[in-house]
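Student: Mind having a look at this structure? Questions to follow.
The values are calculated or read from the model by the stated rules, or taken from the named source; none is laboratory data. From a predicted model like this one, the values you see are computed outputs, not experimental measurements. When we count neighbours, we look across all protein chains shown, and the Cβ atoms used for this are built from the backbone with ideal geometry, even at glycine. Note: areas computed on protein heavy atoms with side chains; ligands, DNA, RNA excluded. Shrake-Rupley method; radii C 1.70, N 1.55, O 1.52, S 1.80 Å.
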Amino acid sequence: MITVKNLTKNFNSFSALKGINLRVKKGEIYGFIGQNGAGKTTTMNILAGLSRPTKGSCLVNGKDVTKIKHPSELHIGYLPEAPRFYPWLTAFETLEYLGNSGGRRVAAARIKELLDWVGLSEAVRRRVGGFSRGMKQRLGIAAALIHDPELLIFDEPASALDPEGRNDVLNLIKKLKNMGKTIFFSSHILSDVERVCDTVGIIIAGKMAAEKPLPEMLKEDILPSYDITLQKPIDSGILDKLSQIQGVSKVTGNELNLSVMTDAFFDTSLLFKFFVDNKLAVNSFARRQNRLEDVYLQEVNTNDKQS
Amino acid sequence: MINSLRKEIRYGLRNNTFLILFAVFFFFAFMTPVMLKILPEVLKSKFPGFPLQELVNMTQLGCLQSYMGDVLEIGTLLVSLALCGLLAQEIRDNTLVLPLCAGQSYSGIIAAKMLVFGTAVLLIPLAALVTDYLYAGLLFSFDTGILPVITGGLLQGFYMVYLLSLLLLFGTLTKNPIATALLTLAVNYGLYFAGSLLDIHRYLPSGLLREAQQLQNTIPLQAAVITLAIIIACAFLASRTLQTLEWSKK
């Protein structure tokens with residue numbers, strides 16, 4: 001649905017995107033993650049046909065965004081990070097105005113159905129100016145769906161919401177996938193991405209650092225960490241000794257729960273030998289499951305070292 | 001198109017834009033006859049023997065011409081301030097992003113604003129001038145025909161449509177309502193003074209206002225054609241500029 005090759009965007013002397021590549025397949029939820037200012041919104045705006053790339057090719061729904069004359073030619077549903085509506089229109093009038101744009105007609109029943117679907121059935125006749133941030137976000141999702149597009153591009157759809165609002169938006173995204181939609185969404189909340197996405201792309205300082213299906217990304221070789229729970233409290237002298245074992249890079253935790261980060265080829269028998277030598281009884285010992293946050297932080301650290 | 005027109009009408013009604021335009025023109029329409037009527041009484045008590053009749057035309061025609069002068073000096077300022085955010089504010093606030101993604105055309109956006117607010121600024125000055133004519137007739141006497149008044153009102157309204165087209169074009173260029181108003185006023189007053197200085201009003205939109213003020217039921221054809229051409233050019237350029245804008249802000 002989306003194929004981006006060598007996408008570059010310069011704002012005067014500042015290079016916001018430095019030749020990124022990405023591919024979004026039909027029917028998947030693609031999570032686009034990166035720090036604030038990494039280039040997520042710039043990419044989103046280009047994909048939505050609202051900004052022109054400096055260089056590179058960008059196919060959205062089979063259309064080259066550099067050759068379109070109007071954003072609506074891309075036939076996508078777009079939700080900006082902070083969707084701006086006319087405060088003096090009601091929710092119904094807003095969707096009516098957007099729905100009946102570009103020579104299309106949308107029935108009142110469809111508008112009511114959409115508002116109901118996003119949980120705004122009580123606010124149909126209320127002016128948008130009085131809506132909370134979460135309600136505007138829901139209305140934005142309804143607006144993106146008004147013409148029933150196959151591809152949805154959501155820029156930080158849940159980032160500014162409270163936990164309940166975030167949960168609702170993520171559930172809506174999952175429902176949309178079940179309806180056969182393809183969703184490309186950006187976020188800097190990694191747990192959100194981990195919860196709903198099929199594929200993840202990491203952008204760091206305008207460059208794609210990684211792009212993989214989520215399960216594959218979570219299997220990635222990041223430096224191993226071990227979570228250890230001891231039977232009895234230990235003193236800080238033991239912790240110091242532990243961190244001096246060859247191959248141990250960092251020891252964190254308290255007197256009962258330890259987290260030991262090691263080199264890639266660390267021999268775990270050294271840890272067990274240490275516990276036996278120091279007469280330390282161990283309640284549990286487990287290698288930590290990779291989380292998207294670990295992968296992401298490793299990519300950020302790698303990028304920092306390179307730059 | 002009806003969809004866009006409905007949205008602009010709702011904007012005008014719910015943000016009191018029509019009400020402000022109405023108030024601006026009708027304030028002058030009611031005030032000028034009253035001022036001319038009570039001025040001699042006020043001056044008579046303060047300055048006995050002051051030859052006011054020789055300085056001011058104390059007739060219905062005088063009222064109408066005084067009203068026209070007020071509209072040029074203050075009316076254009078107030079209209080510019082009332083309508084400066086029509087497009088500039090929308091660009092600055094990014095409220096056009098969703099309509100554009102939904103399929104609103106650039107030219108449709110401009111056309112809807114021109115049609116709705118163009119009609120308002122064409123008809124409201126006309127209605128205000130007719131009101132001024134009737135009120136001045138009641139206070140003084142009906143010494144002027146209605147036809148020159150209607151022609152004058154339409155010329156004045158047409159000038160306001162030209163002002164609106166400038167506001168839309170400068171709105172796309174500056175993306176800032178106040179800068180749009182200031183730029184429009186600078187062009188408006190600048191062209192008026194240039195017209196007076198070089199005696200070229202007949203080739204400028206200001207020729208419409210000059211002719212309207214004469215209330216002679218004549219249409220300055222050259223000025224009207226040039227104004228129409230400027231209005232079309234401004235609307236076209238505004239649409240083109242809108243198309244080339246980068247909606248890159250969050």
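Student: Sorted by accessible area (1.4 Å probe), largest first, how do B:SER80, B:SER45 line up?
Tutor: The ordering from most to least exposed comes out as B:SER45, B:SER80.
Student: Quick check: pseudo-label points 7 Å beyond the Cα along Cα→Cβ at A:ASN283 and B:LEU43, how many nm apart are they?
Tutor: Here the answer is 10.0 nm between the modelled labels.
Student: Suppose each label sits 7 Å from its Cα in the direction of the beta carbon; what would the A:PHE11-B:LEU115 distance come out to in nanometres?
Tutor: Between A:PHE11 and B:LEU115, the simple spin-label model gives 3.6 nm.
Student: B:LEU198 to B:PHE236: FRET efficiency via 1/(1 + (r/R0)^6), r the Cβ-Cβ distance, R0 30 Å, to the nearest 0.05?
Tutor: 0.65
Student: Nearest 5 is fine: what % of DSSP beta bridges in chain A come out antiparallel, could you say? Before the final figure, lay out the partial values.
Tutor: Numbers: 37 of 55 bridges.
About 65 percent, rounded to the nearest 5.
Student: Another question, if that's okay. What number, in percent, do you get for the relative contact order of chain A if the mean sequence gap of Cα pairs under 8 Å and at least 6 apart is divided by its residue count?
Tutor: That works out to 19 percent.
Student: If you place +1 on the Cβ of every Lys and Arg and -1 on the Cβ of every Asp and Glu, how big does the dipole about the Cα centre of the range A:225-289 come out, in debye to the nearest 20? Spell out each step's value before the answer.
Tutor: Working: 7 positive and 7 negative charges, 24 e Å.
So the dipole magnitude of the range A:225-289 works out to roughly 120 debye.
Student: Let me check the size of the range A:225-289 from its C-alpha atoms; what are the radius of gyration and Dmax in Å?
Tutor: Cα only, the range A:225-289: 10.6, 29 Å (Rg, Dmax).
Student: Could you work out the helix-only [θ] at 222 nm for chain B, with each DSSP H run of four or more residues adding -39,500 (n - 2.57) and the total divided by the number of residues, to the nearest 500 deg cm²/dmol?
Tutor: -26500 deg cm²/dmol
Student: Compute the length gained on full extension between A:ASP64 and A:LEU239: take 0.36 nm times their separation in residues and subtract their Cα-Cα distance, giving the result in nm to one decimal.
Tutor: 57.2 nm
Student: In the range A:170-214, whose amide N lies under 16 Å from the spot 7 Å out along Cα-to-Cβ of A:SER259? List them in ranges.
Tutor: Inside the label zone: A:190-191.
Student: Output the DSSP H helices from chain B with an along-axis C-alpha extent of no less than 27 Å and a mean Kyte-Doolittle hydropathy no less than 1.0.
Tutor: B:17-46, B:106-139, B:146-174, B:177-198, B:221-244
Student: Tell me the accessible surface of A:SER51 in square angstrom (1.4 angstrom probe, heavy atoms of protein chains only), to the nearest ten.
Tutor: The value for A:SER51 is about 10 Å².
Student: Computed FRET efficiency, Cβ-Cβ of A:GLU73 and B:ARG6, R0 35 Å: what is it to the nearest 0.05? Don't skip to the end; give the middle numbers.
Tutor: Details: r = 25 Å, r/R0 = 0.71.
Computed FRET efficiency for A:GLU73 and B:ARG6 comes out at 0.90.
Student: Hey, got the average number of other protein chain Cβ atoms within 10 angstrom for residues in A:76-86?
Tutor: Whole-number average of other-chain Cβ neighbours for A:76-86 is 4.
Student: Separate question: If you line up the Cα atoms of chain B on their principal axes, what length do they span on each, largest first, in Å?
Tutor: Principal extents (Cα only, largest first): 69, 39, 31 Å.
Student: Here is a further query. Can you give the translational diffusion coefficient of the range B:1-136 in µm²/s, computed by Stokes-Einstein from the Kirkwood radius over Cα pairs at 4 °C and 1.567 mPa s?
Tutor: 75 µm²/s
Student: Right, next: Say the cut-off is 24 Å between C-alpha atoms; which of A:LYS5/A:LYS219; A:LYS5/A:LYS69; A:LYS9/A:LYS63; A:LYS55/A:LYS174; A:LYS26/A:LYS67; A:LYS18/A:LYS219 go over it?
Tutor: A:LYS5/A:LYS219; A:LYS55/A:LYS174; A:LYS18/A:LYS219
Student: Now for a separate question. Express in Å², to the nearest 10, the accessible area of A:VAL65 obtained by rolling a 1.4 Å probe over the protein heavy atoms while all chains stay in place.
Tutor: Its heavy atoms expose roughly 10 Å² to the probe.
Student: I've got another one for you. How much mean residue ellipticity at 222 nm does chain A get from its helices, if each DSSP H run of length 4 or more adds -39500 (n - 2.57) and you divide by all residues, to the nearest 500 deg cm²/dmol?
Tutor: -9500 deg cm²/dmol
Student: Please report Rg (one decimal) and Dmax (integer) in Å for the Cα set of the protein assembly as shown.
Tutor: 33.6, 120
Student: Accessible surface of B:TYR11 in the full protein assembly, 1.4 angstrom probe, to the nearest 10 Å²?
Tutor: 50 Å²
Student: With a 1.4 Å probe, how much accessible area is buried between chains A and B, both sides summed, in Å² to the nearest hundred?
Tutor: Looking at A and B, the buried total is near 2900 Å².
Student: What FRET efficiency would be calculated for the residue pair A:GLN246, A:GLU216, taking the C-beta separation as r and a Förster radius of 30 Å, to the nearest 0.05?
Tutor: FRET efficiency, A:GLN246 to A:GLU216: 0.45.
Student: Can you give the three extents of the C-alpha atoms in chain A along their principal axes, from longest to shortest, in whole Å?
Tutor: That gives 79, 45, 32 Å along the principal axes, largest extent first.
Student: Quick one: ranking A:LYS181, A:LYS279 by accessible area, 1.4 Å probe, largest first, what do you get? If you can, show how the numbers build up before the last one.
Tutor: On the way: A:LYS181 15, A:LYS279 180 Å².
Solvent-accessible surface, decreasing: A:LYS279, A:LYS181.
Student: Run the quick spin-label model on B:LEU182 and A:VAL276: label points 7 Å from Cα toward the beta carbon, then report their separation in nm to one decimal.
Tutor: Modelled inter-label distance: 8.2 nm.
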